[in-house]
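Single-structure report; data block below.
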Amino acid sequence: MTLGLKRGTVQLEPHDKQWDEIAVQTIKTLKAILGDDVIDIQHIGSTAIPAIKAKPIIDIAVGVTDFDRIISYNEQLQKEGIFYRGSDVEHQLLYVMGDEESDTRTHHIHIVKWNGIEWKNYIHFRDYLNANENVALCYQKLKEELENKYADDRVAYTNGKQDMIDTILNDQ
């Protein structure tokens, strides 16, 4: 099983059932630390969609009502290898897991307002692709084209997916 990528790179892998198991363990760890300050935690992103390839980085959405409460756990999270990376995406806090020395990321943990637009988009996109394999396979085809074009430019890869993501979210 492959888990983790050097920051900024793109490499798609066939779905691996172990990703789900790792996500479950990560969710348990987050619940144990964050307790009642979390409303819900979900495995999201392409690693949560068995029909398609994904970057081997586990994406987790954590639904909360108060970002400041979550930041107060930074020291405890860091002891578990979960590092705060900031809020460069509007309306989110980002935490990562991985190997800092090799600059490899295994997890992206997105803290968002529970039931806010970001939460709903993450959950809806995952659920829609899981329920519509033909659309999921079209999404995979786009991802493969972008991987070939932008293997060393994750920002361009991510930006290249946005129109299709927006179309899927807006059509529902």
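Coordinate-derived values only; no laboratory data. Here the structure is a predicted model, which is why all the values come from computation and not from measurement. Virtual Cβ from ideal backbone geometry, glycine too; neighbours counted across all protein chains shown.
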Quiz item: If you count the DSSP beta bridges with both ends in the chain, what percent of them are antiparallel, to the nearest 5?
Solution: 75 percent
Practice problem: Grab the other residues whose beta carbon is less than 13 angstrom from that of N132, score K and R as +1, D and E as -1, and report the net. | Solution: -2
Exercise. Could you sort 85-94, 44-53 so that the peptide with the highest average Cβ count within 10 Å comes first and the rest follow in order?
Key: 44-53, 85-94
Quiz prompt | For the range 45-88, the Rg and Dmax computed from alpha carbons only, in angstrom | solution = 13.5, 38
Quiz item: What number, in percent, do you get for the relative contact order of the chain if the mean sequence gap of Cα pairs under 8 Å and at least 6 apart is divided by its residue count?
Solution: 25 percent
Quiz item: To the nearest whole percent, what portion of all C-alpha pairs in the chain is separated by more than 28 angstrom?
Solution: 19 percent
Quiz item: Say we join alpha carbon atoms closer than 10 Å with springs in a Gaussian network model of the chain; which of D37, D68, D99 then has the biggest fluctuation?
Solution: D68
Quiz prompt | Compactness relative to 2.2 N^0.38 Å, alpha carbon Rg of the range 4-75 | solution = 1.23
Exercise. Take the alpha-carbon centre of the range 110-147, take the same for the range 12-67, and report the distance between them in whole Å.
Key: 13 Å
Practice problem: Using amide H atoms built 1.01 Å from N in the peptide plane, name the residues 5+ places from D40, or on other chains, whose amide H lies under 5 Å from its own. | Solution: G63
Quiz item: Which lysines have a Cα less than 24 Å from the Cα of K6, not counting those fewer than 8 places away in the same chain?
Solution: K17, K53, K55, K79, K141, K143, K149, K161
Self-check item: Sum of -39500 (n - 2.57) over DSSP H runs of 4+, divided by residues of the chain (222 nm, nearest 500)
Solution: -14500 deg cm²/dmol
Quiz prompt | Tail fraction, Cα-Cα pairs, the range 103-155, threshold 14 Å, whole percent | solution = 69 percent
Practice problem: Kindly write out, for the range 127-136 in residue order, the coupling ³J(HN,Hα) from the Karplus curve 6.51 cos²θ - 1.76 cosθ + 1.60 (θ = phi - 60°), rounded to whole Hz, with x marking Gly and Pro. | Solution: 5, 5, 5, 5, 8, 10, 4, 4, 5, 4
Quiz prompt | Placed amide H near K55: partners under 5 Å, 5+ positions off or other chain | solution = E13
Quiz prompt | Reach of K113 by Cα under 17 Å, taken over aspartates and glutamates that are not fewer than 8 positions away in the same chain | solution = D36, D37, D40, D59, D66, D68, D88, E90
Practice problem: Would you kindly derive the ³J(HN,Hα) couplings of the range 79-90 from the backbone phi angles with the Karplus curve 6.51 cos²θ - 1.76 cosθ + 1.60 (θ = phi - 60°), listing them in order in whole Hz, with x for Gly and Pro? | Solution: 4, 9, x, 10, 10, 6, 10, x, 9, 6, 9, 4
Self-check item: Helix axis angle, 154-171 relative to the chain longest principal axis, alpha carbon, degrees
Solution: 80 degrees
Practice problem: Could you work out how far helix 17-34 tilts from the main Cα principal axis of the chain, as a 0 to 90 degree angle to the nearest 10? | Solution: 30 degrees
